[in-house]
Amino acid sequence: MLVLTACQTNFSDADLDRQEIVTNQSNVTASELLQTDANRVTTIAMRNNLHGLYVLLEKFYKRNPREWRKTANSLEEARKMVFDAIEHDKFLPGLENKTSIDALYVALDPNYTGDRAAALIYGLATMIIVAHGDHTKFYLADVVDAEHIFNAARNVEIAQWMLKQRQSSDGKPLLISNEMSDNGYNLSFAIELAKITARLDLVSAMLDERYRRVGTNYVHNLLFLTFLPVQ
């Protein structure tokens, strides 16, 4: 284990980079030797979830261009500001150094006058990363709490419900998102958030089952008087 930990320090990437998140693809690297199947699935789920949030940011900005104009001179500048804050563990301007759940409360406050789309996506992303122990890639030495992941999934649902129910002081939606009208249907926001919730639930169930199987396998082997495998 000491050797593996040393290898992890030397040649594995600590976190997902922008190229991996934006393209939703990862190149094969030597660091995968330090990942169990559960580590790999958790890493891919994290990558897909961050990619989904980046897609949502783009959608929010297209339907709510007033938001990015509050803090940036261009759409690209606004996107980069959010991406940098998420990927490099930096505070997002306008949130008074709040992250995770605290940032979500601000983003969903009808009185907030800053870039609400950026605050919402930043809050969701940092909340999910915090739930995973502040990692975006996972290796043998990493321990992830299944309950925290489960709670993150519920938080995504709560944020979606709050976004749908709350209105600004002038009676308009906090952010224009899903649409069901005579002009057509657009449920892409709800679908993307549902995918994120489903991945979080899958990771939570997988981690919980992994620990449960350890105990179950021990009982099975005890009943049948067989030794536990050591390699």
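A few points about this structure:
- For the pair residue 154 and residue 32, label points projected 7 Å from Cα toward Cβ lie 3.5 nm apart.
- Taking a ≥ b ≥ c as the square roots of the eigenvalues of the Cα gyration tensor, an a/c ratio of 1.5 or more together with a/b no larger than b/c marks region 81-201 as oblate.
- The H on the amide N of residue 174, modeled in the peptide plane, is under 5 Å from the matching H of 168, each at least 5 residues off or on a different chain.
- Within the shell defined by Cβ-Cβ distances under 10 Å, the residues around residue 189 carry a net charge of +1, with Lys and Arg each +1 and Asp and Glu each -1.
- Seen through its C-alpha gyration tensor, with square-root eigenvalues sorted a ≥ b ≥ c, region 138-209 comes out prolate because a/c lies at 1.5 or above while a/b is bigger than b/c.
- Region 165-178 - phi-based ³J(HN,Hα) in whole Hz, Karplus 6.51/-1.76/1.60, Gly and Pro as x: 8, 7, 10, 6, 4, 8, x, 9, x, 4, 9, 6, 9, 5
- Distance from the alpha carbon centroid of region 95-131 to that of region 132-190 works out to 11 angstrom.
- Rg and Dmax over the alpha-carbon atoms of region 12-171 stand at 16.1, 55 Å.
- Karplus-derived 3J(HN,Hα) values for region 204-209, using 6.51 cos²θ - 1.76 cosθ + 1.60 with θ = phi - 60°, are 4, 5, 5, 5, 5, 5 Hz; glycine and proline are entered as x.
- Taken one residue at a time, the phi angles of region 102-119 give Karplus couplings (6.51, -1.76, 1.60, θ = phi - 60°) of 4, 5, 5, 4, 5, 4, 9, 8, x, 8, 6, 10, x, 6, 5, 5, 5, 4 Hz. Gly and Pro are set to x.
- Of the GluC sites (Glu not before Pro) in region 128-194, those whose Cβ has at most 16 other Cβ within 10 Å and which sit in DSSP loop: none
- 15 Å Cα cut-off, lysine pairs counted over region 67-183 (separation 8 or more, or different chains): 4
FYI, it's all coordinate maths here, none of it is from the lab. Here the structure is a predicted model, which means the values were calculated and not measured. Glycine also receives a Cβ, built like all others from the backbone with ideal geometry; neighbour counts cover every protein chain displayed.
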